[in-house]
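A.B. asks: Please find one structure pasted underneath; my questions will follow.
The values are calculated or read from the model by the stated rules, or taken from the named source; none is laboratory data. Since this is a predicted model, take the numbers as computed values, not measurements. Heads up, the Cβs are rebuilt from the backbone with ideal geometry, glycines too, and the neighbour counts pull from every protein chain shown. Only protein heavy atoms, including side chains, enter the accessible area calculation; ligands, DNA and RNA are left aside. Shrake-Rupley method; radii C 1.70, N 1.55, O 1.52, S 1.80 Å.
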Amino acid sequence: MSQPIALVSNAAGFAGPGAVLGLLQGGFQVWAQDASFADPAVAETYAAGRADLHLLSESDPAQLIQTVVAAAGRIDALVSNDHYPAPPHMPHDAPASELSANLDTLITAPFQLIQAALPQLKAQGGGNIVMVTSNRTNLPLSGGGFADAARAGVNALLKSLARDLAADQITVNAVAPNFLYSEAYYPKAIYEQTEQGRTYVRQNVPAGRLGDPSEIGEVIHFLASAKTRFMTGAILEFSGGWPWAGARPEL
């Protein structure tokens, strides 16, 4: 088989850098999309001379798929890496526009990308779709209703897509992180470079640290390169053992 082709969306943030690294190390030719790549300086820094990496800045799903297929001929793995800022919003003054933005970015956008890729995936006889979601809904945080609703929704969407696309030899699986290092959610300036941030991580994550981008890259590569078509609809948690609770006191 010729070199497999992967497309990673929103590749500059969240799990994107790790996904690109893992796929390149696993032998993929990677097409990485991010709006920030429209800036030549950003694109040059991100590419860093890496062979088999191609950068795209367009955001229209149909155009994006068309560009990759026209150049590479197929898409073996589609990695939908979706993220949105998650500051707390308390119910009494939460702006409804932020709820809409969460839903649009974390549910509607990945669905539109997947939908745009389906004709190609079906025509070539199948492929692997990997969604990067979140397991934050396992322990809801105060003020986190918007992000929780969107993440729960996209995890539910994944299950439905997996069911409907299984007969077409298209798998739909997800990695659901929390406490993954990214500047979007766990910036170094707080969670690695301050004692308060490091203490918070140690107290909440059984692994005692943030997840490294290269580690989630391994998981994404596994899902993107799997030959089996029987594993679909899986959501793999990537959170260092979180959430957890301490032992009950002995009375």
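A.B. asks: Between a first residue in the stretch 149-170 that is over 16 Å from LEU113 (Cβ atoms) and in a helix (DSSP H, G or I) and a second residue that is open to solvent by 60 Å² or more (accessible area, probe 1.4 Å) and basic (Lys, Arg), which pairs have beta carbons less than 7 Å apart while being 6 or more apart in sequence or on different chains?
C.D. replies: Cβ pairs passing all conditions: ASP168/LYS122.
A.B. asks: Looking only at the stretch 24-42, count every residue that is farther than 23 Å from GLN112 by Cα and either assigned to a helix (DSSP H, G or I) or open to solvent by 50 Å² or more (accessible area, probe 1.4 Å) (or both) and tell me the total.
C.D. replies: The qualifying residues number 6.
A.B. asks: State whether the residues of the stretch 137-153 include one that is within 17 Å of the chain's Cα centre (by Cα), crowded, with 16+ Cβ neighbours inside 10 Å and under 25 Å from ILE5 (Cα atoms).
C.D. replies: No, because not a single residue in the stretch 137-153 is within 17 Å of the chain's Cα centre (by Cα), crowded, with 16+ Cβ neighbours inside 10 Å and under 25 Å from ILE5 (Cα atoms).
A.B. asks: Return a yes/no flag: does the stretch 104-124 have any residue that is more than 20 Å from ALA35 (Cα to Cα), outside any helix (DSSP H, G or I) and open to solvent by 50 Å² or more (accessible area, probe 1.4 Å).
C.D. replies: The answer is no; no qualifying residue exists.
A.B. asks: Within the stretch 12-34, restricting attention to residues that are within 9 Å of the chain's Cα centre (by Cα) and among the aliphatic types (A, V, I, L, M), which residue is farthest from TYR181 (Cα to Cα)?
C.D. replies: Applying the filter and picking the extreme gives ALA19.
A.B. asks: Return the pairs, sorted by first residue and then second, in which the second residue is open to solvent by 30 Å² or more (accessible area, probe 1.4 Å) and outside any loop (DSSP other than H, G, I, E, B), the first residue lies in the stretch 177-188 and is within 13 Å of ASN204 (Cβ to Cβ) and in contact (Cβ under 8 Å) with a residue 24 or more places away in the chain, the beta carbons are less than 9 Å apart, and the residues are 6+ apart or on different chains.
C.D. replies: If the second residue must be open to solvent by 30 Å² or more (accessible area, probe 1.4 Å) and outside any loop (DSSP other than H, G, I, E, B), the pairs left are ASN178/ARG136; ASN178/ASN138; ASN178/GLU237; ASN178/PHE238; PHE179/TYR191; PHE179/ASN204; PHE179/PHE238.
A.B. asks: Before we move on, is ALA184 under 17 Å from ILE220 (Cβ atoms), among the aliphatic types (A, V, I, L, M) and either open to solvent by 20 Å² or more (accessible area, probe 1.4 Å) or in a loop (DSSP other than H, G, I, E, B) (or both)?
C.D. replies: Answer is yes for this residue.
A.B. asks: Quick one: would you say ASP93 is modelled with pLDDT under 95, open to solvent by 70 Å² or more (accessible area, probe 1.4 Å), over 17 Å from the mean Cα position of the chain (by Cα) and of a type outside the set (A, V, I, L, M, F, W, C)?
C.D. replies: yes
A.B. asks: Next up: Considering only residues that are open to solvent by less than 60 Å² (accessible area, probe 1.4 Å) and among the polar types (S, T, N, Q), which ones fall in the stretch 205-241?
C.D. replies: SER214, SER225, THR232, SER239
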